[in-house]
Amino acid sequence: MIVVEGANRTGKSTLCRSLSELLHAKIRHGVGPPRTVLEIVEAHEAEYLCYGDILDRSMVISELVYAKFRQPLLDEPVLWKMIEDYLDPRWVLFYCTAVFKSQHDDESKWYNSKAHLKMIRDERAKIFERYELVIERCESIGLVVIRVTSPVEDKLTKETELWTG
């Protein structure tokens, strides 16, 4: 399972498409901010069972980041316990940090409310800082993390060759 994570407009979907072409894997897209605890639990179960696929954003990881900027649905220790389920050598987390020009605006995503988009714009620097903390913790508990900070194609070839052997 490959999870591609990062703040909005950092190249996640571009990286997913490149990985999908390279590995002939299916892309599963996240569905946006959760509205209920049940959505998080169901997403976690689905993510856990998606071996061989590429996940364009994990609801559990995203909740660890974005819940800091709104009312959290689950306590952090519960979310981190869910993340520990992903400690498997077949799981790799690609973390996108570079800002890319995307082919669409976030407004085109059906699940983004005006309030959510305003929060993203207003808190962008803090969101990046929070992502760094969450990704560092993911690394510290043993999750395999590949950071993508250069143009996707350059990093993709090198890192994927190392990972696929």
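Just so you know, all these numbers are worked out from the coordinates, no wet-lab data involved. All values reported here derive from a predicted model rather than from experimental measurement. Counting neighbours? That spans all protein chains shown, and the Cβs are built from the backbone with ideal geometry, glycine included.
Scanning the stretch 61-96 for residues that are over 18 Å from Lys118 (Cα atoms) and in contact with an Asp or Glu (Cβ under 8 Å, 6 or more places away or on another chain) gives Ile61, Leu64, Leu73, Leu74, Leu79, Tyr86, Leu93, Phe94, Tyr95, Cys96.
When each of Glu47, Glu39, Glu63 is tested for being of a type in the set (Asp, Glu), more than 18 Å from Cys138 (Cα to Cα) and in contact (Cβ under 8 Å) with a residue 12 or more places away in the chain, the lone residue that passes is Glu39.
The set of residues in the stretch 34-71 that are under 11 Å from the mean Cα position of the chain (by Cα) and either polar (S, T, N, Q) or farther than 25 Å from Arg90 by Cβ (or both) comprises Ser58, Ser62.
Any residue in the stretch 70-93 that is touching a residue at least 40 places away in the same chain (Cβ under 8 Å) and surrounded by fewer than 18 Cβ atoms within 10 Å (Cβ to Cβ) sitting within a Cβ distance under 9 Å of a residue that is aliphatic (A, V, I, L, M) and not in a loop (DSSP other than H, G, I, E, B)? List the pairs, counting only those 6 or more apart or interchain. Listed by first residue and then by second, the contacts come to Arg70/Ala115; Arg70/Met119; Trp80/Leu64; Asp85/Val60; Pro89/Val144. All conditions in (1) of a type in the set (Ser, Thr, Tyr); (2) crowded, with 17+ Cβ neighbours inside 10 Å; (3) outside any helix (DSSP H, G or I); (4) out of contact with any strand residue (DSSP E or B) (no Cβ under 6 Å at 6 or more places or on another chain) hold for Thr14, with the sole exception of (3).
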